[in-house]
Amino acid sequence: MTFINYAAREINCKIVYYGPGLCGKTTNLQYIYDRTNPAAKGKLISLATETDRTLFFDFLPLDLGTVRGFKTRFHLYTVPGQVFYDASRKLILKGVDGVVFVADSQEARMDANVESLQNLEKNLHEHGFDLATIPYVLQLNKRDLPTAVAADEMYRQLNFKGEPTFEATAPTGVGVFDTLKAVAKQVLMELRKK
Amino acid sequence: MTDFVLFDEEFQQIKEVIGRLKADAQAKVVFIVDKNGQQIAAQGDLESLDTTSLASLTAGNVAATDGLAKLIGEKEFPVLFHEGEKDNVYIAIVDQRVILVIIFDEHSSLGLVRLRVRKATQDLERIFVSIQRKVEEEKERRHEGVDSPFAEITDEDIDSLFRE
Ligand SMILES: Nc1nc2c(ncn2[C@@H]2O[C@H](COP(=O)(O)OP(=O)(O)OP(=O)(O)O)[C@@H](O)[C@H]2O)c(=O)[nH]1
Ligand SMILES: [Mg+2]
C-alpha cells in the first residue's frame, strides 16, 4: 500500500525481503546500508536474537531520489525466516508494495526454499495480495558456495511467473543492488496504473 | 487495496490537532503513524529523535500486540502504555488505521494524557474520514479521464533514480 503524501510531496513504498532461514535476507539489507551514502539512508534497525537471527524484522529506510517532483522513499523490511516465526512473518507483509524472494542456492536448502515460497504465497493471500500480480523479484543467493545448485535448475523450481531473477552473493554485494532496482522499478511502474 | 493518500489541507489540520494535543497534554512529542509504519505528521522536540525508526518500531509494536489480541479473542488493544524512568510512551489506535504516539515525562501524567487523547482522537477520526471521502472522489474523477500525477512516469524517470 503506497503512501502518497501530497503535503510533503513524497511517495512511500514498502518492500519486503522474504525467504527461508539463513538465506541471506539480513545480509542484503546490511550491504545496501553499507553502500548507501548517509544522506540517503536512515538507521538500519535489526530486531534479532542473540545469535543474529532475525526475531521480528530488519528495517532500512532509503531515499532513492525524485520522480515527477515527488521524493521516493523505500522502506525495506526483512522477515524472520525460521519456520516457527510464521505469525511475525505475516505481520510484516501488511501493506507491502513489492517482494524480493531470497533463495538459498545450497542443495540442502532447496526444500526449504520451496516451502518458504509456498508460505509467502499463502501469507500474501491472507492480506488480500496475490503473488501473481504483486511486484516481485527472485534472487538466487549464495552463488559462491561449492554446493550451489545450477542456476537454471533453481529457476525451474522457484521462478513463479517469469519474474526478474538475479544470481547473488550478498556479503560481497553481487546482485544485491540489481535485485533492489528491479523490485523498486516494478513498484514505481504500478503507480502509473493508479 | 487502496493506497493511503495525504493532502495538504488535511495534513495542516492533523498538525493542528496534534500540536494542540501536545500543548494540552504537556507532552514532549506527539506523532502520527499509519499502521504500516509510515510517519504522517509530528509535533514537538524532534531534533534528537529518529522519527523514521520510531514510526517503524511503533507500527511493529502495534502489529505484534494486535496479533496477540486476536490470539486471545480480542479485537485489538486500543491503548498501549510503556513507562520508563524519565520518559513514557502512550500509544492509541485511531480509527483502526492510524497510530497516535505521545511521549511525555514528569511534567505530565498518564491521567492527563489519557483525557486529552480522547478529545484529539475524535478530531482525528473526522479528518481521516474526510481523507477517505476525498480519495474516493478522486478515484471517480479519474474514471472520468483525469489522470493521476504518476500516470506519466516514464522508464527514463525511473532509470534516472538509479544512476549514480
Ligand atoms: N557464503 C555465503 N554466505 C552468505 C551469503 N549470504 C549470506 N550468507 C551468510 O549466511 C548467514 C545468514 O545470513 P542472514 O542474512 O543472517 O540470513 P537471514 O536470511 O536474514 O536469516 P533469518 O534472519 O534467520 O531469516 C550469515 O552468516 C551470512 O554471512 C552468500 O551469498 N554466500
Ligand atoms: Mg535475518
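Quick look at the numbers
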| quantity | calculated |
| --- | --- |
| Residue pairs meeting the criteria (Cβ under 8 Å; at least 6 apart or on separate chains; first on the phi > 0 side of the Ramachandran plot, in the range B:96-120; second open to solvent by 20 Å² or more (accessible area, probe 1.4 Å)) | B:Gln96/B:Glu76 |
| Any hit, the range A:92-101, residues being without any contact (Cβ under 8 Å) to a residue 60 or more places away in the chain, within 16 Å of ligand 2 (Cβ to nearest atom) and closer than 18 Å to A:Gly175 by Cα | no |
| Of residues in the range A:75-85 being more than 9 Å from ligand 2 (Cβ to nearest atom) and at pLDDT 95 or above, the one nearest to A:Leu55 (Cα to Cα) | A:Tyr77 |
| Residue within the range B:61-68 that is farther than 23 Å from A:Gly42 by Cβ, of a type in the set (Gly, Ala, Ser) and within 12 Å of chain A (Cβ to nearest Cβ) present | yes |
| Residue check for A:Arg53: of a type in the set (Lys, Arg), within 15 Å of ligand 2 (Cβ to nearest atom) and open to solvent by less than 30 Å² (accessible area, probe 1.4 Å) | no |
| Filter result for the condition that a residue is in contact with a helix residue (DSSP H, G or I) (Cβ under 9 Å, 6 or more places away or on another chain) and within 10 Å of chain A (Cβ to nearest Cβ), over B:Asp24, B:Asp8, B:Asp3, B:Asp50 | B:Asp3 |
| Wholly within the range B:1-81, strands (runs of 3 or more DSSP E) carrying at least 1 residues that are open to solvent by 10 Å² or more (accessible area, probe 1.4 Å) | B:4-6, B:39-44 |
| Members of the range A:124-139 that are among the acidic types (Asp, Glu) and either open to solvent by less than 10 Å² (accessible area, probe 1.4 Å) or within 15 Å of A:Gln186 (Cβ to Cβ) (or both) | A:Asp130 |
| Given (1) more than 18 Å from A:Thr179 (Cβ to Cβ); (2) away from chain B (no Cβ under 13 Å); (3) open to solvent by less than 30 Å² (accessible area, probe 1.4 Å); (4) more than 8 Å from ligand 1 (Cβ to nearest atom), number of the condition A:Val100 does not satisfy | (1) |
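The values are calculated or read from the model by the stated rules, or taken from the named source; none is laboratory data. Predicted, not measured: the structure shown is a model, and the values here were computed from it. Note: ideal-geometry Cβ built from the backbone for every residue, glycine included; neighbour counts use all protein chains shown. Areas reflect the complete protein model, heavy atoms only, side chains present, ligands, DNA and RNA absent. Shrake-Rupley method; radii C 1.70, N 1.55, O 1.52, S 1.80 Å.
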